[in-house]
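The values are calculated or read from the model by the stated rules, or taken from the named source; none is laboratory data. These numbers come from a predicted model, not from an experiment. Methodologically, a virtual Cβ is constructed for each residue, glycine included, from the backbone with ideal geometry; neighbour enumeration extends over all protein chains shown.
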Amino acid sequence: MPDLNGSTTTLHWIDLTTNKTIQLTRPFWGIDDHQFYWINNNTILFLSNRASSGLYQLFPLNLPDNVLAMRINRQAIRFAFSCQVYTNLSIQQIADRQAVEKTSGSLVYKFDKLFLRHWDEYVRGSRHHPLIVSIERNANGIFYFISEPKDVLFSIDSDSSTRPSGYGKKTQWLFSASGNKFAFTSRYDEKNEAVWSTNLDIFTVDLTTSDLQPMCITCPSYSPTDDQVLVYRLQSVLDYESDQFKVKLYNGFNSKITLLNNWDYSIQAITWSLDVITSLRAVTNHNTNLLSKVRKSTQVETFNFTGAKNKTVWGWHVPPANGTAQKASLVFLIHGGSQNRYAIIVINFHGSNSYGQKFTDSITGQYGTLPYDDLKLGLSTVLTRYKYIDGNQAVALDASYGGYMINWIAGHPEMSQRFKAFICHADVTITSYENPEAFEKFNPISHVANWSQPMLTIHGGRDYRVLDTQGISAFTALQRGGIPSRMLYFPKENHSILNSFNSMIWYQEVLDWMNKWTT
């Protein structure tokens, strides 16, 4: 019986001269083929869990443990992979320790520093390090190891790729053009400062020496033609995750040049073409047959209005799939997408990306003012401009910061009374920071006495980013206030709903709640 919560991924090849697509691997439920690398014009290596053990392995290589990420240099003579390790232990010592832990009858976590837990897991001492090994191909086309794997972070209590969001990402590792240098991203977290610091560093290793000592130069990307040239993204403001990403070029002689220095937007990704000249283009067009069966909305449009501080603010208008000939209830989505018979309005309020760094930075210290004013003014603009929208049948919903904003709106009657109901996922209700006075000013709990509208609250039990007690606090306040309310609690989910069945339940409950409170 297959695991119905699973999925399958396959590899496909596209001939760029004809745009013809050929499927390379067969789909089997629960089998995940990914992270492929060209060895030559006729051969690729890829990562898959199709082995009988269920562990992720490189085909046709067998690796010592459950592999999370991998890289192969262009000449196919060096191979980097990541697996669970313990600092200062050899692969055999790690295997021995894991065997003891599996057979132990006790369950206790021991901590000497923070993080105690991060995102959705407890940090119990194991790390993910890049291990590098030399490989060779025999006459039968099979690759095999010709050296022992070397842990480039052997004595360093840190992760690469970085946890949690970097796990398994190829963008944090890279071989140089010749394969003689290796760059990787890591966070120095041997002290508690890692808990409140956003700093990540890039290290390079010279693989031609026997002593693999990483050198810190500050997601690396080597030039495909020059081992000395490396580009990477850089944020300048410590402990500010929304700071602008700029592009730096490092030439191997301790010279760093900022590219596009006057650009006012954050760089999201960096990619080289192999000849450093050719531009890139999209080549895939999958799932056309499935998308053709989806009933699509009418044309999505953008609109603008004068928002907080007399700044131009933009939004999206998504009409319902059945058109605008009749009145439609409104979903005021504090970022998101279309739902059934509803008109959807999304406001890109102050603090949003893509409108310049000053617009992004403006939310700092103004969490409950500028975005709130934009939403209030945007709603008024929408109801004036789109006459088919029934302003008396509106619901508001969102998650994370948007969940915070739902709770903030709920406590301000001049805005809350414009909605029939709210839906709040992974919300923040209580804040406690180094500057408590500033954050207390925008604490939704300070206005909980004004809550009156029905609310659906949703939270994951493994959300260690925004603890479940935040959502439970909001639900408790609603219940004690006699306000119609419901809470969805997903014990095994984190900040997002990842399980496919849970996701279907999430959407159905959200739609049911909207339908219940609108006509």
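Hey, could you check the stretch 327-351 for residues that are assigned to a loop (DSSP other than H, G, I, E, B) and in contact with a Phe, Trp or Tyr (Cβ under 7 Å, 6 or more places away or on another chain) and say which is surrounded by the most Cβ atoms within 10 Å (Cβ to Cβ)?
Per the criteria, the residue is His350.
With the structure loaded, tell me whether Gly391 is in contact with a Lys or Arg (Cβ under 9 Å, 6 or more places away or on another chain) and closer than 18 Å to Ile345 by Cβ or whether it fails that test.
Taking the combined requirement at face value, the residue satisfies it.
Would you please name the residue that is nearest to Gln393 (Cα to Cα), looking only at residues in the stretch 460-519 that are over 27 Å from the mean Cα position of the chain (by Cα) and surrounded by fewer than 13 Cβ atoms within 10 Å (Cβ to Cβ)?
Thr519
Which one is nearest to Asn180 (Cα to Cα), of the residues in the stretch 130-151 that are buried (at least 19 other Cβ atoms within 10 Å of the Cβ) and modelled with pLDDT of 90 or more?
Ile132
State all residues of the stretch 381-398 that are outside any strand (DSSP E or B) and more than 33 Å from the chain's Cα centre (by Cα); if no residue qualifies, say none.
Listed by number, the residues that qualify are Leu383, Thr384, Arg385, Tyr386, Lys387, Tyr388.
Of the residues Leu234, Leu230, Leu238, which single one is out of contact with any Pro (no Cβ under 7 Å at 6 or more places or on another chain), at pLDDT 80 or above, aliphatic (A, V, I, L, M) and assigned by TED's automatic domain parsing to the domain that holds Thr198?
The unique qualifying residue is Leu234.
Might you check whether a residue that is among the small types (Gly, Ala, Ser), surrounded by 15 or more Cβ atoms within 10 Å (Cβ to Cβ) and modelled with pLDDT of 95 or more occurs anywhere in the stretch 419-441?
Looking through the stretch 419-441, at least one residue is among the small types (Gly, Ala, Ser), surrounded by 15 or more Cβ atoms within 10 Å (Cβ to Cβ) and modelled with pLDDT of 95 or more.
Taking interchain pairs and intrachain pairs at least six residues apart, which have beta carbon atoms under 6 angstrom, with the first residue in the stretch 197-210 and of a type in the set (S, T, N, Q) and the second not in a loop (DSSP other than H, G, I, E, B)?
Listed pairs, sorted by first residue: Thr204/Lys181; Thr204/Ala183; Thr204/Met215.
For the stretch 75-117, enumerate the residues that are hydroxyl-bearing (Ser, Thr, Tyr), outside any loop (DSSP other than H, G, I, E, B) and surrounded by 12 or more Cβ atoms within 10 Å (Cβ to Cβ).
Correct list: Ser82 only.
Tally the residues that are in a helix (DSSP H, G or I) and out of contact with any Lys or Arg (no Cβ under 8 Å at 6 or more places or on another chain), restricting the search to the stretch 352-372.
Of the residues in the stretch 352-372, 6 are in a helix (DSSP H, G or I) and out of contact with any Lys or Arg (no Cβ under 8 Å at 6 or more places or on another chain).
Considering each residue of the stretch 192-221, count those that are at pLDDT below 70 and either within 19 Å of the chain's Cα centre (by Cα) or outside the structural domain of Gln172 (by TED's automatic domain parsing) (or both), and give that number.
Total satisfying the criteria: 1.
When both residues are 6+ apart or on different chains and their Cβ atoms are under 6 Å apart, which pairs have a first residue that lies in the stretch 13-42 and is outside the structural domain of Met70 (by TED's automatic domain parsing), and a second that is among the small types (Gly, Ala, Ser)?
Filtered contacts from the stretch 13-42: Gly30/Gly6; Asp33/Ser48; Ile39/Ala76.
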